Amino acid sequence: MNTDKADILIIGGGVIGLCTAYYTAARGASVILIERNQIPSPTGSSYGNAGLVVPSHCKPLPTPGIIAEGIRQLFDPSGAFSIRLSPTPETLRWLWGFYRSCDEKHFSYAVDIFRELSQESLRLHNALARDAGTQYEYKQTGLLHVCLTEKAFQEGREEAELMEKYGIVSRVLSGPEVRDMEPAITPRVVGGIRNPPDGRLHPPEFLNWLAQEAQNRGAQFFTETEVFDFGQHRGQVHTVHTTKGEFQGEQVVLASGVWTGELAKKLGMRMPIQGAKGYSLTFRRPENCPRIPLSLEDFYVAVTPYKETLRMTGFLELSGMDQNIELRCLRNIQEHTRVCLPELGKLELLEIWRGHRPCTPDGLPVLGRSGKFTNLWIASGHATKGMSLGPVTGRLMRDLLAGKSIGRLGHALRPDRQM
């Protein structure tokens, strides 16, 4: 059996793996990317997400508010957030790390890191979109947070004031101003928050474009190729064993989303990444479709319009790799959207998706060299921010693989940090 070799061997064909392949191939490295499914994978979190590029969204998943106000909802299966992790030593350790990260000091630190990442990633997104032209949908339209209750509006204003301290500027809107901006919204709207720099892209189109551009630069892709073991030699990952043969890389990158932890186990490493299940429903674009992406703050639902479709996205369920599709979740997403957009036309369902976002206990992604193998790198754990932070992650991985320093980000995101 032949062994395929490259300078850079990437395991995972979601947005993080594809961006890493794109930027490393562009600098002249030979690249092989392995993906267990197709590209884009219809089960991956890079495929079915809301498609939002949101530099304004710099909050980590663990926040002081979750402990103070949200704990009841987190354990309520009918809520937008829930925890259904089986009480194993691994999950209990993850939850303890999550709990420890829900303090003001870590929140401030994480917001500052995410702000640096997201501002640079927005610049890179804009550059990629200019290069792509019309090959995938991308618009920097701003994101409109819609509040139907005084409680949601008050919380939105408080968060906007807090984020302004970190240099993230929002515009607070009255109910009439919200409807002037988006007439499809119900007259019941109390107010809203607009984040001007935010935007949206079409996830499958973006992934297809990245894959094609990486291959145009010389990257080789092996799809429907599952990694099942590794060969080790003198402190390095020597061989990657797959269902389509053996692969070798001078440098090996684990960019496998929620599967990163399982693959790390095969190498005797602990990588605390848990899956957070979410849902999306994609419809043919209806009449009275909103013109800009919306975040329905009372219900934690995102609504993203495209040229030909409309996507509704919701729920964050920490449940490991549970694959069940809950009918109540699908109904809630549609019903809540109808409350905010009462004039929305007849909906023709095209696709139901559920997938798992890779979440770390401290809410920050993992990016850097492993502590165990000198040629193994990790790029994972982006939770709900993978589409936003894909380009900056790929660019940072390009620099790391070339032996360059990435400054304080290297310390903040290192795989061997305490989590």
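Exactly one of (1) in contact (Cβ under 8 Å) with a residue 60 or more places away in the chain; (2) out of contact with any Leu (no Cβ under 7 Å at 6 or more places or on another chain); (3) closer than 16 Å to residue 290 by Cβ is unmet by residue 181. Its number?
Every condition holds for residue 181 apart from (2).
If I ask for residues that are modelled with pLDDT of 90 or more and surrounded by 13 or more Cβ atoms within 10 Å (Cβ to Cβ), which ones from segment 64-90 would you list?
Within segment 64-90, just 90 meets the criteria.
Which of the following residues is crowded, with 21+ Cβ neighbours inside 10 Å and either touching a His at 6+ places or on another chain (Cβ under 8 Å) or in a loop (DSSP other than H, G, I, E, B) (or both): 371, 355, 386, 363?
363
When only residues in segment 247-271 that are touching a residue at least 40 places away in the same chain (Cβ under 8 Å) and surrounded by fewer than 21 Cβ atoms within 10 Å (Cβ to Cβ) count, which is farthest from residue 363 (Cα to Cα)?
Only one residue fits best here, namely 248.
Find the residue count for segment 389-415, including only residues that are of a type in the set (A, V, I, L, M), without any contact (Cβ under 8 Å) to a residue 60 or more places away in the chain and not in a helix (DSSP H, G or I).
1
Looking at segment 302-318, which of its residues are touching a strand residue (DSSP E or B) at 6+ places or on another chain (Cβ under 6 Å) and either closer than 18 Å to residue 54 by Cβ or crowded, with 19+ Cβ neighbours inside 10 Å (or both)?
Scanning segment 302-318 gives 302, 303, 304, 310, 311, 312, 313, 314, 315, 316, 317, 318.
What number goes with the only condition from (1) under 23 Å from the mean Cα position of the chain (by Cα); (2) outside any loop (DSSP other than H, G, I, E, B); (3) surrounded by fewer than 21 Cβ atoms within 10 Å (Cβ to Cβ) that residue 299 does not pass?
(2)
Would you confirm, using the coordinates I've provided, whether residue 114 is crowded, with 18+ Cβ neighbours inside 10 Å, within 28 Å of residue 394 (Cα to Cα) and modelled with pLDDT under 95?
Considered against the rule, which asks whether it is crowded, with 18+ Cβ neighbours inside 10 Å, within 28 Å of residue 394 (Cα to Cα) and modelled with pLDDT under 95, residue 114 comes out as no.
The values are calculated or read from the model by the stated rules, or taken from the named source; none is laboratory data. For clarity, every value in this text was computed on a predicted model and none was experimentally measured. Cβ coordinates were reconstructed from backbone atoms using ideal geometry, including for glycine residues, and neighbour counts include every protein chain displayed.
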